[in-house]
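The values are calculated or read from the model by the stated rules, or taken from the named source; none is laboratory data. Being a predicted model, the structure only gives us computed values, none of them experimental. Positions of Cβ are generated from backbone atoms using ideal geometry, with glycine treated the same way; all protein chains shown enter the neighbour counts.
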Amino acid sequence: MGHAPKGCDPDRLVSDKPPRVHFLISCMSKRSLDPKKVSESRTVMTELIMPNDTNPMGNLMGGYLMRWMDIVCAISAGKHTEAHVVTAAVDHISFQNPIKLGDVITLEASVTRAFNTSVEIYVEVFANDVKGQNARRCNHAYFTFVALDDKKRTPVQVPPVLPLSSEEQSLYEGAARRREMRLVLAGRIKPKEATETRKMFADLE
C-alpha cells in the first residue's frame, strides 16, 4: 500500500472506507499550523468615496470606514488562520486626517501575532485624490479575531506568526502588551497579572 499524502494522519483512518478515501478526508479537514510569514496573509483593499458614504460636510463617515477596516482585517485573518473568523475586539482606532468625497482610500491589513485561538491584525488607511495626488495616512487600528471550526463553530488553534522585518518584529513584540491591556480592560485579568506591560514600564524607569 502507498504512503499517506504529506500532512495526513493515518491514525485518523476509519476501517470501513478505502484507504484513498480516508487520506482525502484527512487532507481536506486538516489545517496547517506551521508558522506563516506576515506577507502570506497581507491584504489590500481600495474604495472610492461616494456621496452616500459621506456626512453633510462631505467627509467620509467613521462608521463606514470602520466597516471596511473590519472587512479587510477579517480577510487577512482568514488567510492566516485558514478558518472562518469573528471579530473579538477593536482598539486604538485613530482618526488623523479627514477623508473627502471623491478620495480614493487604500486599506492595508496584516497579521501581527497569533495567540492560541486568536490573531491580532494591524490595519492602516491611506487616502489620495482620484488623480493619485495629496497622498496621506489617515487612520490605523488593531483588530482581534477568533478562528472558528467550520462545523462546530467553536474556537480552533491558529498558526504562529513568523515576523521577518524589524517592523514586523516590533508589532509582534507589542502585540503581547496590547493583548494584556485588552484583557485588563475587559476584567479578565488583574493589572498585576499583565507581566509584559509591567516589564515595559519597569524598563523605562
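At-a-glance table
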{"quantity": "Subset of the stretch 161-195 [assigned to a loop (DSSP other than H, G, I, E, B) and either of a type in the set (A, V, I, L, M, F, W, C) or surrounded by fewer than 16 Cβ atoms within 10 Å (Cβ to Cβ) (or both)]", "calculated": "Leu164, Ser165, Ala186, Gly187, Arg188, Ile189, Lys190, Ala194"}
{"quantity": "Filter result for Ile99 (within 17 Å of the chain's Cα centre (by Cα) and either assigned by TED's automatic domain parsing to the domain that holds Arg42 or under 18 Å from Ile71 (Cβ atoms) (or both))", "calculated": "no"}
{"quantity": "Residue within the stretch 63-75 that is of a type in the set (Gly, Ala, Ser) and free of Cβ contacts under 8 Å to residues at least 12 places away in the same chain present", "calculated": "yes"}
{"quantity": "Subset of the stretch 38-58 (residues that are more than 13 Å from the chain's Cα centre (by Cα) and buried (at least 16 other Cβ atoms within 10 Å of the Cβ))", "calculated": "Met45, Glu47, Ile49, Asp53, Thr54"}
{"quantity": "The stretch 154-180: number of residues that are over 18 Å from Ser32 (Cα atoms) and either touching an Asp or Glu at 6+ places or on another chain (Cβ under 8 Å) or of a type in the set (D, E, K, R) (or both)", "calculated": "9"}
{"quantity": "Residues satisfying the stated conditions in the stretch 175-185, i.e. of a type in the set (Gly, Ala, Ser) and over 9 Å from Glu196 (Cβ atoms)", "calculated": "Ala175"}
{"quantity": "Of the criteria (1) at pLDDT 95 or above; (2) farther than 20 Å from Ala135 by Cα; (3) not acidic (Asp, Glu), which one Gly58 fails", "calculated": "(2)"}
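Conditions (1) at pLDDT below 90; (2) assigned by TED's automatic domain parsing to the domain that holds Met69, marked per residue:
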residue	(1), (2)
Val130	no, yes
Gln133	no, yes
Arg136	no, yes
His140	no, yes
Gln157	no, yes
Gln169	no, no
Lys192	yes, no
Glu205	yes, no
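Table: residues versus (1) in contact (Cβ under 8 Å) with a residue 40 or more places away in the chain; (2) aromatic (Phe, Trp, Tyr); (3) under 28 Å from Thr54 (Cα atoms).
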position	(1), (2), (3)
His92	yes, no, yes
Pro98	yes, no, yes
Val119	yes, no, no
Asp149	yes, no, no
Thr197	no, no, no
